[in-house]
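Encoded as structure tokens, the structure appears first; notes follow it.
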Amino acid sequence: MTKTPDQGRRGFWLKHLHRWHWISSALCLIGMMLFAVTGITLNHAGSIEAKPRVTTQRATLPTDLTALLEAPPPAGSTALPGAVADWIGRTLAVDTAGHDAEWSADEVYVPLPRPGGDAWLSIDRAGGEIEYERTDRGWISYLNDLHKGRNTGAAWSWFIDLFAGACLVFCVTGLFLLHLHAGNRPTTWPVVGLGLVMPLLLAVLFIH
């Protein structure tokens with residue numbers, strides 16, 4: 001049987017839409033599961049008990065490195081001097097290189113926020129005493145912060161953007177596939193409409 005032009009166009013679009021639909025769904029699968037699970041944990045964050053674990057370390061900078069902190073940082077830079085950051089990395093296994101620091105008359109304070117917790121490091125400018133504190137709030141808090149992109153860095157931010165783009169491809173190709181199959185499935189658009197009306201009604205009636 002010879003295909004009509006309409007059948008040929010339909011077959012073309014079905015083939016390509018199915019291809020992009022399954023490719024985007026494969027790319028999104030693990031990310032969508034992660035974001036769905038963390039959506040639940042974020043929605044019930046008040047009911048999920050967290051037991052923060054606090055770790056503290058102390059050390060003292062050598063005299064020659066302490067002297068590097070007596071002068072203010074160069075104009076346009078607030079990070080610790082490279083030699084000081086390297087020594088802290090070797091001694092305390094704490095990465096402070098490139099992190100902005102807050103300089104006061106008495107101390108240098110380095111905030112080190114991280115997903116799932118917090119951390120900071122303080123150095124006495126006169127004596128070189130270092131105090132480092134790290135707070136770990138557990139895996140659920142860590143995954144929740146990944147969901148929000150909180151303190152996750154540029155690489156994770158790029159991943160979220162690419163993941164969102166793949167989700168859009170998945171949804172848009174799904175919408176066109178629904179359109180192509182709707183003729184044989186009369187409940188297609190009522191179900192799609194229900195998916196729109198339900199959150200809209202909830203927002204109008206119960207969110208103030």
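Structure data summary
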read-out	value
Along each principal axis, Cα extent of segment 160-205, largest first, Å	34, 33, 7
Alpha carbon centroid spacing (whole Å) that separates segment 7-83 from segment 147-165	6 Å
Relative intensity, log₁₀ I(q)/I(0), of segment 53-137 from a Debye sum that treats every alpha carbon as a point, q = 0.13 Å⁻¹	-0.37
Tensor-based shape of segment 78-125 (alpha-carbon gyration tensor, a/c under 1.5 rounded, otherwise prolate or oblate)	oblate
Under the Karplus curve 6.51 cos²θ - 1.76 cosθ + 1.60, θ = phi - 60°, whole-Hz ³J(HN,Hα) for segment 108-125, x wherever Gly or Pro sits	10, 10, 10, x, 10, x, 8, x, x, x, 7, 7, 7, 9, 10, 10, 6, 6
Compactness index (Cα Rg / 2.2 N^0.38 Å), the chain	1.61
Karplus 3J(HN,Hα) series, Hz, for segment 51-60 with 6.51 cos²θ - 1.76 cosθ + 1.60 (x for Gly, Pro)	10, x, 10, 9, 10, 10, 10, 9, 7, 10
Placed amide H near Gly117: partners under 5 Å, 5+ positions off or other chain	Arg137
Charge dipole magnitude, Cβ of K and R +1, D and E -1 - segment 53-137, Cα centre, debye nearest 20	340 debye
On Cα atoms only, tilt of 188-206 relative to the major axis of the chain in degrees	40 degrees
Hz values of 3J(HN,Hα) by residue in segment 157-164 - Karplus curve (6.51, -1.76, 1.60), Gly and Pro given as x	4, 5, 4, 4, 5, 5, 4, 4
Value of relative contact order over segment 28-139, rounded to a whole percent, pairs C-alpha under 8 Å and six or more apart	29 percent
Amide H contacts under 5 Å for Val94, placed H, 5+ residues apart	Gly89
Which of Thr60, Pro111, Ser141, positive extreme of dipole for segment 43-167 (C-beta unit charges)	Ser141
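The numbers here are math on the coordinates, done by the rules we state, and not lab data. Keep in mind that this is a model prediction, so the values were computed, not measured. Neighbour counts run over all protein chains shown; Cβ positions are idealised from the backbone, glycine included.
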